[in-house]
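Engineer: Sharing a structure below in structure tokens format, with a few things to ask.
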Amino acid sequence: MNPIIVIGGGLAGTEAAWQIANAGVPVIFYEMRPQRFGGAHHTEHLAELVCSNSFGAMATDRAAGLLHEELRRLGSIVISKADEHQVPAGGALAVDRGVFSQDLTETLSSHPLIDFRREELREIPEGIVVLATGPLTSPDLAADLSRFTGMEYLSFFDAASPIVVGESINYDVAFMASRYDKGEAAYLNCPMNKQQYLRFWSELRQAEQIELKGFERENAKFFEACLPIEEQAQRGEDTMRYGPLKPVGLTPPSTAGWSDDSPDKPTPEGEEVKKQRPYAVVQLRQEDKAGKLWNMVGFQTNLRWGEQKRIFQMIPGLENAEFVRLGVMHRNTFINAPQLMIPTLQFKSRPTLLAAGQIIGTEGYSAASAGGWLAGTNAARIALGKEPLTMPNTTMMGALFDFISSASPKHFQPMPPNFGILPDLGVKIKNKPERYGKYRDRALEQLAIIRDRVRSEELVDS
């Protein structure tokens with residue numbers, strides 16, 4: 001049996017290679033690092049998490065959490081390792097990203113059916129191929145894909161947040177808490193009064209950014225769910241306070257001095273301290289299991305590095321912050337999937353070529369993993385002479401791939417998992433948690449049917 005070729009060692013490629021090998025089909029798995037690095041990569045490990053260490057909400061009545069559970073039940077290697085290397089993050093599935101990526105690298109490298117090659121491919125090879133090169137596809141391969149599709153790439157800009165050394169944080173100011181004290185206290189919170197916030201907001205608006213090149217500047221589009229913090233500041237005085245800096249549900253252990261009327265004056269001695277929330281709060285999420293590193297939540301940025309240090313050290317609690325990594329922004333490219341692909345993640349014009357991850361216009365770690373699972377599974381099924389799977393659009397996975405293959409090509413933009421792409425339940429349920437719970441129940445029932453069907457095929461073959 002000829003091996004299947006998987007190109008790209010991100011989340012999608014890693015998941016695809018694993019699913020193919022586990023189906024008993026040999027894989028040649030290409031990753032160009034360390035020969036060549038993408039603009040946002042820092043290591044040579046597989047499945048490197050570039051922007052954040054969080055996969056999103058864990059609860060299955062949330063869109064990301066439902067997709068995690070679907071993948072968990074389908075035997076996803078990525079979600080299995082994420083569960084294994086989880087770090088506290090309130091209601092989110094966050095991981096120790098270094099250990100997570102290193103473990104996946106070692107696991108796939110040791111699989112007897114995976115031939116792992118650290119080489120750059122400049123052209124799409126013949127045979128059964130899974131293309132999972134992500135938003136930072138190398139120029140030569142991107143040009144070959146453009147020739148194959150007859151189309152130019154679409155693009156948007158994405159950014160990563162800074163990471164702070166835990167020992168450099170001022171714990172006399174920063175406090176551990178989860179919003180409304182729900183669950184384990186998993187976030188470090190740096191509170192601001194009104195005067196501090198307005199000064200911070202003003203400096204952000206005037207800060208010097210890394211200049212984009214001419215073509216990029218003229219065509220710059222940001223992904224709305226992951227806006228640079230300075231872009232949020234430009235959109236209005238309160239935009240950040242209703243976004244990543246929202247103070248609701250977070251009250252410091254000591255609330256003295258947080259009166260908006262006199263923001264920098266402590267409460268006079270003898271007066272009762274009222275439970276009053278700060279005007280704004282910057283949150284940091286644990287980056288590693290030891291708690292030595294902390295990620296600034298929602299602080300993806302394109303500011304110059306000197307400006308990042310200067311302005312982010314204005315945040316109370318981060319006056320002496322040391323940064324092990326500063327924020328960067330990069331151009332993400334993706335194909336016009338509605339014109340090119342079908343829900344099985346095969347190309348219409350070449351069914352033996354499949355693709356997954358951000359390159360097809362899905363957004364987020366769990367979506368990339370889901371694409372890798374389906375593309376890898378279907379590549380193996382093609383090699384074994386079986387019909388490719390189309391996931392029911394009542395599952396989060398199926399709805400996502402149905403969307404990217406049927407949306408309007410003219411206005412196509414990357415799509416994250418969300419309940420808005422699922423078909424209606426057929427009955428109106430006003431209560432949102434109840435409605436989302438019904439979506440979940442229906443999705444997992446349909447998923448079980450697909451899983452049982454695949455398992456019965458395996459039993460017949462064996």
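The values are calculated or read from the model by the stated rules, or taken from the named source; none is laboratory data. These numbers were taken from a predicted model, which means no experiment stands behind them. Cβ: placed from backbone, ideal geometry, glycine included. Neighbour counts: every protein chain shown. These area figures cover heavy atoms from the full protein model, side chains too; ligands, DNA and RNA do not enter into them. Shrake-Rupley method; radii C 1.70, N 1.55, O 1.52, S 1.80 Å.
Engineer: Of all residues in segment 308-322, which are open to solvent by less than 10 Å² (accessible area, probe 1.4 Å), assigned to a loop (DSSP other than H, G, I, E, B) and not β-branched (V, I, T)?
Structural biologist: G317, L318, A321
Engineer: Continuing with this model, one more query. Would you mind telling me which numbered condition in (1) open to solvent by 10 Å² or more (accessible area, probe 1.4 Å); (2) hydroxyl-bearing (S, T, Y); (3) closer than 30 Å to K438 by Cβ Y30 fails?
Structural biologist: Exception for Y30: condition (3).
Engineer: Scan segment 285-308 for residues that are closer than 25 Å to A89 by Cα and of a type in the set (D, E, K, R) and jot them down.
Structural biologist: The answer is R285, E287, D288, K289, K292.
Let's see how each residue does on (1) closer than 14 Å to A367 by Cβ; (2) in contact with a Leu (Cβ under 8 Å, 6 or more places away or on another chain); (3) open to solvent by 40 Å² or more (accessible area, probe 1.4 Å); (4) of a type outside the set (D, E):
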site	(1), (2), (3), (4)
E48	no, no, no, no
C51	yes, no, no, yes
S80	no, no, yes, yes
E84	no, no, yes, no
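Engineer: A follow-up question, please. Output the qualifying pairs, or none if there are none: Cβ atoms under 7 angstrom, residues six or more apart or on different chains, first residue in segment 83-98 and over 12 Å from L293 (Cα atoms), second residue open to solvent by 10 Å² or more (accessible area, probe 1.4 Å) and assigned to a helix (DSSP H, G or I).
Structural biologist: Going by the 7 Å Cβ cut-off, the qualifying pairs are H85/V99; H85/D103.
Engineer: Could you grab me the full set of residues in segment 226-261 that are β-branched (V, I, T) and modelled with pLDDT of 85 or more?
Structural biologist: I229, T239, V248
Engineer: So, one more: Tell me yes or no: at least one residue of segment 262-280 is modelled with pLDDT of 80 or more, over 27 Å from the mean Cα position of the chain (by Cα) and more than 24 Å from I311 (Cα to Cα).
Structural biologist: Looking through segment 262-280, none of the residues is modelled with pLDDT of 80 or more, over 27 Å from the mean Cα position of the chain (by Cα) and more than 24 Å from I311 (Cα to Cα).
Engineer: While we're on this one: The conditions are (1) outside any strand (DSSP E or B); (2) touching a residue at least 40 places away in the same chain (Cβ under 8 Å); (3) under 26 Å from R451 (Cα atoms); (4) not basic (K, R), and S80 fails exactly one of them. Which is it?
Structural biologist: Just one mismatch for S80, condition (2).
Engineer: For V99, which of the numbered conditions (1) open to solvent by less than 60 Å² (accessible area, probe 1.4 Å); (2) in contact with a Lys or Arg (Cβ under 8 Å, 6 or more places away or on another chain); (3) over 30 Å from R435 (Cα atoms) fails to hold?
Structural biologist: The one condition V99 does not meet is (1).
Engineer: How do the pairs read when you match residues in segment 104-117 that are under 9 Å from L46 (Cβ atoms) with residues anywhere that are open to solvent by less than 30 Å² (accessible area, probe 1.4 Å) and of a type in the set (D, E), using Cβ under 9 Å and keeping only pairs 6 or more apart or on different chains?
Structural biologist: F116/E31
Engineer: Only one of (1) over 25 Å from P388 (Cβ atoms); (2) in contact with a helix residue (DSSP H, G or I) (Cβ under 8 Å, 6 or more places away or on another chain); (3) small (G, A, S); (4) assigned to a helix (DSSP H, G or I) fails for G65. Which number is that?
Structural biologist: So the condition that G65 fails would be (2).
Engineer: Select from segment 186-204 the residues that are outside any strand (DSSP E or B), open to solvent by less than 10 Å² (accessible area, probe 1.4 Å) and of a type outside the set (S, T, Y) and list them in ascending order.
Structural biologist: A186, N193, F200, L204
Engineer: Residue by residue through segment 56-78, note down the ones that are open to solvent by 10 Å² or more (accessible area, probe 1.4 Å) and closer than 29 Å to R118 by Cα.
Structural biologist: Just the residues of segment 56-78 that are open to solvent by 10 Å² or more (accessible area, probe 1.4 Å), to begin with: 56-64, 69, 72-75, 77.
Those that are open to solvent by 10 Å² or more (accessible area, probe 1.4 Å) and closer than 29 Å to R118 by Cα: R72, L74, G75, I77.
Engineer: Separate question: Name the single residue, out of those in segment 110-138 being among the hydroxyl-bearing types (S, T, Y) and at pLDDT below 95, that is surrounded by the most Cβ atoms within 10 Å (Cβ to Cβ).
Structural biologist: Restricting to residues being among the hydroxyl-bearing types (S, T, Y) and at pLDDT below 95, the top hit is T133.
Engineer: Report every pair of residues separated by at least 6 positions or lying on different chains whose Cβ atoms are under 6 Å apart, first residue within segment 304-332 and β-branched (V, I, T), second assigned to a helix (DSSP H, G or I).
Structural biologist: I311/E203
Engineer: Please indicate, with yes or no, whether at least one residue in segment 332-352 is under 30 Å from V165 (Cβ atoms) and not in a helix (DSSP H, G or I).
Structural biologist: Taking segment 332-352 as the starting set, the residues that turn out to be under 30 Å from V165 (Cβ atoms) are 332.
When the remaining residues are screened for being not in a helix (DSSP H, G or I), the result is 332.
Looking through segment 332-352, at least one residue is under 30 Å from V165 (Cβ atoms) and not in a helix (DSSP H, G or I).
Engineer: Checking the condition open to solvent by less than 10 Å² (accessible area, probe 1.4 Å), under 15 Å from the mean Cα position of the chain (by Cα) and of a type outside the set (V, I, T), which residue from A356, A337 passes? Outline the logic, then answer.
Structural biologist: On the way: A337 fails: under 15 Å from the mean Cα position of the chain (by Cα).
It is A356.
Engineer: Quick check on E44: is it part of a helix (DSSP H, G or I), open to solvent by 10 Å² or more (accessible area, probe 1.4 Å) and touching a residue at least 12 places away in the same chain (Cβ under 8 Å)?
Structural biologist: So E44 fails the test.
Engineer: Next question. For residues that are open to solvent by 90 Å² or more (accessible area, probe 1.4 Å) and of a type in the set (F, W, Y), scanning just segment 169-185, find the one that is modelled with the highest pLDDT.
Structural biologist: Among residues in segment 169-185 that are open to solvent by 90 Å² or more (accessible area, probe 1.4 Å) and of a type in the set (F, W, Y), the one modelled with the highest pLDDT is Y171.
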